[in-house]
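Below: the structure, in structure tokens.
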Amino acid sequence: MTANKSSSGLLLNGLDGSNPLGFLAAIGTLRIATEANSSTNWRISWKEQGGHWSPVLLGDIALTADDLIELLMPALTEMKDAFKFANDLTINCEEFRQVAQSASNAAVLTDRHYADFIAAFGCDSLPISAKDSRIQDTALRTMSGAGHQHFIGSMRELVECTKSDHLSASLFEVWQYSDPKPSMRWDPLDDRRYALRWKEPSGDPVRTMRGANRLAVEALPLFPTAPGERHLHTTGFSQRRGEGVLFSWPIWEGALGIEVVRSLLSLAELQKPLPDRKSLLALGVVEVYRSQRITRDKYRNFTQAVPI
């Protein structure tokens, strides 16, 4: 690790803000750092370097890369209740209602882990259809058990197998994609269609960045779902005819804490076909990225993001 201790913050130069996985990992890092040491005023800003945006983590204390890993690891290796109730979100409304009630009962001011994850996973009031009682779920869900790839099951596996060196490689080094599955399929490189590769890829082992996936899971509570008239809505997502499901997120220059970031992610302006850059700049937003969620066979993936 080459990151330095500095009052100007710790540069997480392994994370690329234009990559959905990189962005989710960055704000997941902010969320876990805030929960692990709430007395420190943790904030994130973004710095342009080498043609991409990297996050800078700032606090009231100076820290090194090793300090950050030591801070994050205990929380990341704890198996949360939200990862235990099922392998996938293919669960009917009544069953999910019982899970949500349990999470609500367990919530206290100092610990909302379970409730916040459940609110991000889905809603018990909107079934898929009149004939299908399963819940509508988060737009960040990418798999449902096909090919033995499980959305919540993968989260459990990441808790069990992620080590400090995985975090270090994801946060502070150029990504080498040297880790085996599981992958949450939030990285555009997880789209393994034959047409995009020089040979048929089905026999190739999955290679990913395990630390980034584990940190990105912790961003989910910042993207709660909410019922609309007919469809479930996920924070940060929009849907337009001819374009499908779109994930849009901001890059900002000022150092922002977790609650301000939570508010920024929900800005309606980000979801417009062409956001008003002048109004966003007044809020400190210097870039907006957008990625399309696509479905191939039984899996979902995200495309390379473009600035809008």
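Readers should treat all values here as calculations from the given coordinates under stated rules, not as data from a laboratory. Being a predicted model, the structure only gives us computed values, none of them experimental. So basically every Cβ, Gly included, is an ideal-geometry build from the backbone, and we count neighbours across all protein chains shown.
Kirkwood hydrodynamic radius, computed over distinct alpha-carbon pairs, for region 41-155: how many Å, to one decimal?
Details: mean 1/r = 0.0590 Å⁻¹.
Result for region 41-155, one decimal place: 16.9 Å.
Collect residues whose amide H, placed 1.01 Å from N in the peptide plane, falls under 5 Å from the amide H of residue 285; neighbours closer than 5 in sequence don't count.
Correct list: empty.
Which whole-Hz ³J(HN,Hα) couplings does region 221-234 yield from phi under the Karplus relation 6.51 cos²θ - 1.76 cosθ + 1.60, θ = phi - 60°, glycine and proline marked x?
x, 7, 10, x, 9, 8, x, x, 5, 10, 10, 7, 10, 10
Which pairs break 22 Å Cα to Cα here: 84/163; 47/272; 80/131; 84/131; 47/181; 272/298?
47/272; 80/131; 84/131; 47/181; 272/298
List the GluC sites (Glu not before Pro) within region 1-82 that fall in a DSSP loop (any state other than H, G, I, E or B) and whose Cβ has at most 16 other Cβ atoms within 10 Å.
Here the GluC sites (Glu not before Pro) that fit, given the DSSP loop and packing criteria, are 78.
Which ³J(HN,Hα) values, rounded to whole Hz and listed in residue order, are derived for region 140-150 from phi using the Karplus coefficients 6.51, -1.76 and 1.60 in 6.51 cos²θ - 1.76 cosθ + 1.60 with θ = phi - 60°, glycine and proline given as x?
Per-residue couplings from phi come out as 7, 6, 10, 8, 9, x, 4, x, 6, 9, 10 Hz.
Report, to one decimal in Å, the Kirkwood hydrodynamic radius for the chain based on all distinct Cα pairs.
Across the chain, the inverse of the average 1/r is 19.8 Å.
Tell me which DSSP H helices of the chain clear both cut-offs, 20 Å or more of axial length from alpha-carbon atoms and a mean Kyte-Doolittle hydropathy of at least -1.0.
20-36
Any idea what % of Cα-Cα pairs in region 219-308 are farther than 24 Å?
I get 21 percent for the Cα pairs in region 219-308 exceeding 24 Å.
What is the packing order of peptides 107-118, 169-180, taking the mean over residues of other C-beta atoms within 10 Å and listing the highest first? Spell out each step's value before the answer.
Values: 107-118: 15.6, 169-180: 17.1.
Top to bottom by mean Cβ count within 10 Å: 169-180, 107-118.
What do you get for Rg/Rh of region 121-188 when both radii come from the Cα atoms and Rh is the Kirkwood radius?
Reported Rg/Rh (Cα atoms, Kirkwood Rh): 1.10.
May I ask you to list the GluC sites (Glu not before Pro) in region 231-308 that are in a DSSP loop and have at most 12 other Cβ atoms within 10 Å of their Cβ?
243
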